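Novice: Before we start, here is the structure in question, set down as structure tokens.
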Amino acid sequence: MNINKIDERFSTTGQINPGDIEALKDMGFVGIVCARPDDEESDQPNFAQIEAAARAAGLSAHHVPVSGPPTEGQIIRFHEAMASLDGPVLGYCRSGARAGSLYATLDR
């Protein structure tokens, strides 16, 4: 994983795997936001697998799949997810760019 720390609240990375969750917890993340649609590529784990591993580790996981520019509904869902999390959050997608685009919509 190549984690890009945007600020104390949010970092981005490319695709994660269920086996990465414990390490993310050890890094201090309290939640994960996936901006990647399921089945975008054949070798990616689906969000349900990531969510199950996150919940087993005590982390929150939210799915806000984005293809192209974020829509108003996706932005609202992302804001709701962030409001429900108290602490550092990791956003991921294929490269981290879509997760970063969602974070850029927050008033900070």
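Novice: May I ask you to derive the FRET efficiency for residue 27 and residue 71 from their Cβ-Cβ distance with R0 = 25 Å, giving the value to the nearest 0.05? List each step's numbers first, then the result.
Specialist: Values: r = 30 Å, r/R0 = 1.21.
Once rounded, the FRET efficiency stands at 0.25.
Novice: Next question. Going by how many other Cβ atoms sit within 10 Å of their own, how do 95, 101, 42, 84 line up, fewest first?
Specialist: Final ranking by Cβ density, sparse to dense: 42, 84, 95, 101.
Novice: Once both labels are modelled 7 Å past Cα along the beta-carbon direction, what's the residue 97-residue 83 spacing in nm?
Specialist: 3.0 nm
Novice: So how far apart, in nm, are the two label points at residue 104 and residue 17 if each is 7 Å from Cα heading toward Cβ?
Specialist: 3.0 nm
Novice: Fewest Cβ neighbours within 10 Å first, please rank 82, 1 accordingly.
Specialist: Lowest to highest Cβ neighbour count: 1, 82.
No value in this document is a laboratory result; all are computed from the given coordinates. This is a predicted model, so every value here is computed, not measured. Quick reminder, even Gly has a Cβ in these numbers, built from the backbone with ideal geometry, and neighbours come from all protein chains shown.
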